[in-house]
Amino acid sequence: MPCPFASQSLDLDAFYRRDLLKTALAVGGLSSLTACIEARGAPDVPRGTDDRSAIPRRQYAWNEYLPRDPHGNLVFPRHQLVLFFDYAGDGTPDPEERERVEAALRSLERAYQRGNGGNSPYRPGGTNVPGLLFTLGYSRRYFDRFEADLPADVDLPPVESVLSRIDEPTGRGDEHDAAMVLVSDHVQVLLAVEHALFGRIDELNGVSMADTFVDVFEQRERRTGFIGPGVPRRELEMEEIPQQSPLGMGFISGFSDNQATEDAVAFSGGPFADGTTQHVSRLTLDLERWYEEDDETRVQLMFSTENTPDDTGKVGELLASDSGLTREMGDDLGAEIDDHGLVGHTQKLARARDEEFEPLLLRRSEAISTGEEKPGFNFTSLQQSVDHFVETRRAMNGDDLDVETAHSGILDYIEVQSRGNYLVPPRRLAALPPVDPNDDG
C-alpha cells in the first residue's frame, strides 16, 4: 500500500531550524520517520509483554503507567497522535477482520512498554522510562451498520445532537468510524506505529508485526499535538507564554482534584463493562488576544474571582494538586459577576459535578498543535456517558449567566472546529466490536 503522506515534502530548513520532532510528527510520512532516526537515533524503549493478563482490561487504564509530579498530578507524554479511520469493508466486520485488527494491536503491546514507567522524572533521582499508550474507539456511525442497537445503558449519541445541545454552530461533527489516540515521549515511536499499522514497515522495536490494518481500515485524518514545560513557548514562538507552562494558555491543567477517576468513567456492567465513552475535539486558540489581558485578569478568567497570581503562581504551580474549586463557588455566580464583572472557567465548572462533588470527566492529552493558521488544541476526555460531557460543556458555556462572553472564563478565546464521540470498548473487544459481543456481528 502506498504511503498516503509520501507526496508531502519536508521543508528541511524549517525541519532542522525549529523543533525537528514536532515538525516530523505533523508532516508524517516515511521520510519524517527516517529523518528523526537519522538525526536523533532510534529511542531506547523497553519492549512490552506477551502476557495479556498483565495488561489492564480497560484500554484507558493509563494512570498507573504515568509518572506524577511532586504534587501527585499525572504527567502526560510529550507527543500525541490521533488517527481517524473508516471501516474498509462492506456490511459488517467478519471474524477474520477482527482477528487481523486484534493481532495488530497485540503487536503494539509486545513492541513497546505500556506508558511511561518508572519513577517520576520530576522527583529527586527520578527516571523516565518512556513507552506507548493508546486507545481505539468507535463512533455511532460505525455501530449503525449493525441491525441490532447498542445496549440501552451505552450513551453514544450522534455527534450532531451534541453540537446542537451545546449550541456551537461553528463546529462540525467528525464523520469517522474509529479514532485511535496514541501518546509517547518519542515521536519516532508514534510515527513507527502509524506506518506499521498500515504495512509500510514490518517491525516495531525489533518485534515483527503479526498483522496490519491494511484493507480493514482506511486512514482518513491525522492530528498531532505536543505538551510539556517550555514546549508551547518554543514551538508557538510566543514569548508571552511562561517558560514553565506545559500548555499554550499559560497554566497547568489536569489537577488531581478536577479529574474523574478511571473507575468513575467505566461502564459498570453490560456487554461493554470496563469500557467508556470518549469525546475528541479540535479547537483553535486566540492566544494573541489572551495574552493582551494582564496576569491578574487571566488568572481570574482561568480559575475564579477568588484567585490572584500571588496564590496561584505564574502557571498555577502554587495550587499543587488542588485547583481551589469548592462546591460554594458555583452557588451564586450571579453575585460574583455583579461584584467582579467576570466569572472564572474553573468557577463555572463547579456546577458540573456529581452529588459527592466529584468531577464527571477524565481529561486526557490536552495537546497543542500548530497545523493551522491559529494554534490548535486537541481535547480528549473520558466519561461514563456523553451526557456528562454535554453537562460539563454547558456549565462552561454559562448561557444562563448574565455576563459578556469576553468575561466568561476562557470561552471567548476558544473556537470549536470539530467534535467526535466514540465508545472505547474493553481491550478484549477493541478489534471491530459488534453491538452485541455475544454475537458474531
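Criterion applied to Arg419, Arg393 was being assigned to a strand (DSSP E or B) and either crowded, with 22+ Cβ neighbours inside 10 Å or in contact with a Pro (Cβ under 8 Å, 6 or more places away or on another chain) (or both), and the one residue passing it is Arg419. Between Thr380, Thr305, Thr312, the distinction of being touching a helix residue (DSSP H, G or I) at 6+ places or on another chain (Cβ under 8 Å), surrounded by 15 or more Cβ atoms within 10 Å (Cβ to Cβ) and modelled with pLDDT of 90 or more belongs to Thr305 only.
Say whether the condition of being assigned to a helix (DSSP H, G or I) and touching a Lys or Arg at 6+ places or on another chain (Cβ under 6 Å) is met by at least one residue in the range 376-390. Yes, some residue in the range 376-390 is assigned to a helix (DSSP H, G or I) and touching a Lys or Arg at 6+ places or on another chain (Cβ under 6 Å).
Please determine, by comparing only the residues of the range 401-412 that are touching a residue at least 60 places away in the same chain (Cβ under 8 Å) and over 15 Å from Thr346 (Cα atoms), which one is farthest from the chain's Cα centre (by Cα). In this case the residue turns out to be Asp402.
The listed residues are Asp338, Asp322, Asp331, and the only one of them that is over 19 Å from Asp295 (Cα atoms), at pLDDT 90 or above and surrounded by fewer than 19 Cβ atoms within 10 Å (Cβ to Cβ) turns out to be Asp338.
Quick check on the range 60-83. Is at least one of its residues out of contact with any helix residue (DSSP H, G or I) (no Cβ under 7 Å at 6 or more places or on another chain), surrounded by 13 or more Cβ atoms within 10 Å (Cβ to Cβ), within 30 Å of Phe272 (Cα to Cα) and among the β-branched types (Val, Ile, Thr)? Yes. For the subset of the range 48-78 comprising residues that are of a type in the set (S, T, N, Q) and in a loop (DSSP other than H, G, I, E, B), which member is nearest to Gly131 (Cα to Cα)? Selected residue: Thr49. Residues in the range 202-215 that are surrounded by fewer than 17 Cβ atoms within 10 Å (Cβ to Cβ) and either on the phi < 0 side of the Ramachandran plot or among the small types (Gly, Ala, Ser) (or both): Asp202, Glu203, Gly206, Ser208, Ala210, Val214.
How about the range 211-235: which of its residues are of a type in the set (A, V, I, L, M, F, W, C), modelled with pLDDT under 95 and in contact with a strand residue (DSSP E or B) (Cβ under 7 Å, 6 or more places away or on another chain)? Across the range 211-235, the qualifying residues are Phe226, Ile227. Looking across the range 341-355, the residues that are crowded, with 19+ Cβ neighbours inside 10 Å and either closer than 16 Å to Thr392 by Cβ or under 27 Å from the mean Cα position of the chain (by Cα) (or both) come down to Val343, Gly344, His345, Thr346, Gln347, Lys348, Leu349, Ala350, Ala352, Arg353.
The values are calculated or read from the model by the stated rules, or taken from the named source; none is laboratory data. Because the structure is a prediction, the values reported are computed rather than measured. Note: ideal-geometry Cβ built from the backbone for every residue, glycine included; neighbour counts use all protein chains shown.
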